[in-house]
Structures are given as structure tokens and as C-alpha cells.
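Accompanying notes for the structure given below.
The values are calculated or read from the model by the stated rules, or taken from the named source; none is laboratory data. Keep in mind that what you see is a predicted model, and the values were worked out from it rather than measured. Here the Cβ is made from the backbone with ideal geometry for all residues, glycine too, and neighbour counts use every protein chain on show.
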Amino acid sequence: MRRASYHNHTVFSDGAETPADFLRQAVAQGVEILGFSDHYYREGPGAAEAPEWALQPRLEARYFETLTELAGSAPIEVRVGLEFDWLEGSAAWLAAPARDPRLDYAIGSVHFVGRQSIDTDRAFWEGLSPDAVNDVHRRYWMAVREMAESGLFDIAGHLDLAKKFAFYPSEDLTPIIRDALDAVKAAGMVVELNTSGWAKDCRECYPSEAILRACFHREIPVTVSADAHRASFVCANFARAYDLLARVGYRELIRFRGRERFAEPLEP
């Protein structure tokens with residue numbers, strides 16, 4: 001099995017190092033397919049600027065040029081992606097960039113409920129009542145469903161991210177989660193096992209084993225990503241992820257090239 005890492009952030013968004021730095025680490029750690037997926041966030045159509053942690057509109061052309069040049073000289077395969085931040089109603093202005101022919105894949109991720117970031121500040125969660133915690137989780141999964149129903153993306157990024165700071169709902173959200181996963185399935189998306197959660201307060205990968213089992217039951221395919229913001233983490237906890245997926249029942253991992261996907265055997 002070739003080791004592939006698709007969810008990585010460089011200095012083009014909120015990563016700490018350059019694409020070349022990531023390439024050097026990927027080669028050193030035995031990665032054979034390296035993908036880049038810097039944050040793409042737009043408040044609305046024609047936005048002239050993005051938050052400091054996202055790819056700036058003025059740097060889009062340089063992003064693609066840099067990765068194309070890197071791929072031309074790299075000793076391993078390089079893939080070009082973006083992680084699109086889903087906001088309510090954003091399909092109207094994300095459709096064109098998400099379908100950019102220069103992309104090998106597009107990740108759709110929910111980091112915001114309304115315009116409130118749910119994964120940057122623990123203090124936000126600490127100030128919520130139990131009912132408000134339930135509401136944020138509920139709205140998070142509703143946003144995941146809407147993101148999937150847009151049909152714009154190849155990969156569903158870090159499902160159940162709302163648990164990052166270990167604030168959990170006190171009510172049963174199974175029906176809402178089920179609807180979101182059904183939408184992911186209907187859209188033909190791939191779910192990533194995102195290993196970064198093991199290093200967060202929740203101490204659990206995204207999504208949880210229970211949700212991975214629900215994905216497997218629906219025959220939703222899977223890939224493994226580190227969500228690395230530093231090059232040294234480009235394949236962090238991949239062996240642990242492979243073992244978990246095998247235990248769940250997965251036998252294949254999905255790879256991407258030119259917006260087409262193909263499967264390779266999972267060999268923990």
C-alpha cells in the first residue's frame with residue numbers, strides 16, 4: 001500500500017512551513033502521494049480578502065503555480081487540493097472554485113456554525129449552557145448535511161469536529177448524524193479519518209469509531225489524513241489509523257488524481 005497524505009496546510013494558509021518543506025518531510029517519512037489543501041474561505045462572492053489563516057485571493061494563482069512547479073520536480077506524486085470552508089449559502093460562490101480543473105480533489109469542511117468558529121477557542125465552549133452545547137452540535141451536523149448536499153466536494157473533512165474541546169451533547173443526535181451521513185453517501189463523497197483529533201482535547205480521531213462504523217455500514221469510502229500544519233506531522237498516527245480502519249472492516253483506501261478517485265488495498 002502506498003502511503004498518501006492529502007490534508008496538509010502550508011504558509012499559504014495557516015500552516016507553519018512551505019510546500020517544499022512538506023515535500024522533504026514526506027519523502028523522509030515514506031509518503032508516496034503528497035497532497036496540499038490550504039484553507040479556502042470566502043465570506044461571499046467576489047470577496048477581495050480572506051482571514052489571515054486562509055488563502056488570500058491575490059495568492060491563488062501563486063498557490064497553483066507553486067504546487068505545479070513542485071510536482072514537476074518531486075520524487076513522489078504531488079496532488080493539488082483545497083479545503084473549502086462551508087458557510088450557510090456558500091454553494092453560490094464556492095461552486096466555481098470548487099470545480100477548478102487544476103484541483104485533484106476538494107475537501108468540504110465545516111468549521112463554523114453561523115459565523116461562529118467552533119474549533120479555534122475553547123473559551124467559546126466554556127461559556128455555553130448545556131442546551132447551547134446541544135444546539136451547536138445539532139447545527140454543526142445540519143451544516144455537514146448541507147455541505148454534502150451541495151455536491152461540490154470529494155472529501156468530507158474531519159467529521160464530528162465539534163467535539164474538539166471535549167464538550168459533548170447531552171441529547172441523542174443520532175437522527176441528525178444519520179441524515180448527514182446519508183447525504184455524504186448520496187453525494188458520493190469520501191470520508192477522511194483525520195488523525196489530528198488524537199492530539200486534541202477530545203483524544204479521539206475525527207470521526208469517532210462509532211461514526212466510522214456507520215460510514216462503513218453505508219459503504220462510504222475512506223481515506224486517511226493528518227491535517228498537518230507542520231511538515232513533521234504529515235503522516236502522524238497513520239499506523240494507528242490503518243489499524244482502526246481494519247478493525248472497523250475497511251479493506252481499501254481512496255486515492256485522488258485529477259478529480260478522479262481510485263482504491264488501493266488497506267494493508268495495516
**Complete:** Given (1) assigned to a helix (DSSP H, G or I); (2) touching a residue at least 12 places away in the same chain (Cβ under 8 Å); (3) surrounded by fewer than 17 Cβ atoms within 10 Å (Cβ to Cβ), Ala166 misses just (1)
**Prompt:** Is there a residue in segment 88-98 that is in a loop (DSSP other than H, G, I, E, B) and either within 18 Å of Gln56 (Cα to Cα) or at pLDDT 95 or above (or both)?
**Reply:** yes
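So that you can scan it fast, the table gives a plain yes or no per residue for (1) surrounded by fewer than 13 Cβ atoms within 10 Å (Cβ to Cβ); (2) of a type in the set (Ser, Thr, Tyr); (3) in contact with a Gly (Cβ under 7 Å, 6 or more places away or on another chain):
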site: Arg58; (1), (2), (3): yes, no, no
site: Ala74; (1), (2), (3): no, no, no
site: Glu83; (1), (2), (3): no, no, yes
site: Leu103; (1), (2), (3): no, no, yes
site: Ser109; (1), (2), (3): no, yes, yes
site: Phe112; (1), (2), (3): no, no, no
site: Glu126; (1), (2), (3): yes, no, no
**Request:** Return yes or no: is Trp141 part of a helix (DSSP H, G or I), surrounded by fewer than 21 Cβ atoms within 10 Å (Cβ to Cβ), of a type in the set (Phe, Trp, Tyr) and at pLDDT 95 or above?
**Result:** no
**Fill in**
Of the residues in segment 169-211, those that are surrounded by 15 or more Cβ atoms within 10 Å (Cβ to Cβ), part of a loop (DSSP other than H, G, I, E, B) and not basic (Lys, Arg) come to Pro169, Leu173, Ala187, Met189, Cys202, Glu204, Cys205, Pro207, Ser208
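Looking at Leu70, is it touching a helix residue (DSSP H, G or I) at 6+ places or on another chain (Cβ under 6 Å), within 25 Å of Arg2 (Cβ to Cβ) and at pLDDT 95 or above? Working first, answer last.
Values: touching a helix residue (DSSP H, G or I) at 6+ places or on another chain (Cβ under 6 Å): yes; within 25 Å of Arg2 (Cβ to Cβ): yes; at pLDDT 95 or above: yes.
So Leu70 fits the description; yes.
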